[in-house]
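Contents: one structure, followed by commentary.
The values are calculated or read from the model by the stated rules, or taken from the named source; none is laboratory data. Since the structure is predicted, the reported quantities are computational estimates derived from the model, not experimental observations. Heads up, the Cβs are rebuilt from the backbone with ideal geometry, glycines too, and the neighbour counts pull from every protein chain shown.
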Amino acid sequence: MKLFGAIVFVLLAFAGNSLLARIAMMDSHIDAISFTTIRLVSAAVILLCLVSWRQILAAISWRHGGLLWLYAIANTVAFIKLPTATGALVLFAMVQLTMLLLSQRRGEKLSAIGYMGALLALVGLGAFLLPKASIDNVAYIAAAIVAGVAWGAYSGAKQQASPVVSTAANFIVASAMILPLQIVLISQLSITLAGVLYAVGSGVITSALGYVLWYWVVRQISGGFAATVQLFAPVMAAILGWALMGEQLSLVSVAAGCVILLGIAIVASQKSRRAEENT
């Protein structure tokens, strides 16, 4: 029950990242840069309570922190326009496909079935995005794609320290990188109390605590099951968007989303099987 509760919390946290950003952006409670700044800084402050400065200094990586910074900004910008389900699904698909490409570069090969799964996910993603690719949406879809690639590269990178220490160091670096941008754009900032609360919730609960708990969950379950669990994150985001914000999905979008998740599930199962064969 403890593990089940942790998995549910993590999935709610992952989905909540998309939901909080969408709520804040849709109702103009806060601008994208301020939301991202508060999210990164609040997460860094909480993580600082869990590790020492000496550990953080030894784990500083501008490359990893830069990827986290890029993901956080692009993810927030995407939800200025995109519905929760759309942004979450595009983000999740690009994360998984990016991690697949990185594993291929490291010499990890998939079976023919695995490659078919990747192709199926790409076809599903194309079918999902095609009806939404209007002039007004293209820039925000591109932002979601950039966010997914950045997060996939971040997740696939080898960290030098423990997950919690590395995450704390990366959030501190990302915070340091976004503060100058916040200062440069100070005349264009728009902040309300509700927007600050959404951003703090995203930073403290769905980012810092969500990531730390996820690392604990991953140590308790197999890699294949972990990959399968993550499939429910965009599904939960879609459900929350529908239940809390009245967002609607067309039958075509639902079908294409299922194709994407099926393709990713095939890839994940094949990668897990290859990993077990190599151990």
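Tabulated data for the structure shown
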| quantity | calculated |
| --- | --- |
| Residues located in the range 124-143, provided they are surrounded by 14 or more Cβ atoms within 10 Å (Cβ to Cβ) and touching a residue at least 24 places away in the same chain (Cβ under 8 Å) | Gly124, Leu125, Ala127, Phe128, Leu129, Lys132, Asn137, Tyr140, Ile141, Ala143 |
| Among (1) crowded, with 23+ Cβ neighbours inside 10 Å; (2) hydroxyl-bearing (Ser, Thr, Tyr); (3) modelled with pLDDT of 90 or more - the single one Ser61 does not satisfy | (1) |
| Search result, residues across the range 18-48 that are β-branched (Val, Ile, Thr) and either surrounded by fewer than 22 Cβ atoms within 10 Å (Cβ to Cβ) or part of a helix (DSSP H, G or I) (or both) | Ile23, Ile33, Thr36, Thr37, Ile38, Val41, Val45, Ile46 |
| Residue list for the range 88-99, restricted to those being surrounded by fewer than 24 Cβ atoms within 10 Å (Cβ to Cβ) and of a type in the set (Val, Ile, Thr) | Thr98 |
| Search result, residues across the range 130-157 that are of a type in the set (A, V, I, L, M) and at pLDDT below 80 | Leu130, Ala133, Ile135, Ala157 |
| Flag if Ala85 is within 21 Å of Met236 (Cβ to Cβ) and either surrounded by 14 or more Cβ atoms within 10 Å (Cβ to Cβ) or of a type in the set (A, V, I, L, M) (or both) | yes |
| So Ala243, is it in contact with a helix residue (DSSP H, G or I) (Cβ under 8 Å, 6 or more places away or on another chain), small (Gly, Ala, Ser) and assigned to a helix (DSSP H, G or I) | no |
| Scope the range 194-205; condition farther than 17 Å from Ile172 by Cα and either β-branched (Val, Ile, Thr) or modelled with pLDDT under 95 (or both); matching residues | Val196 |
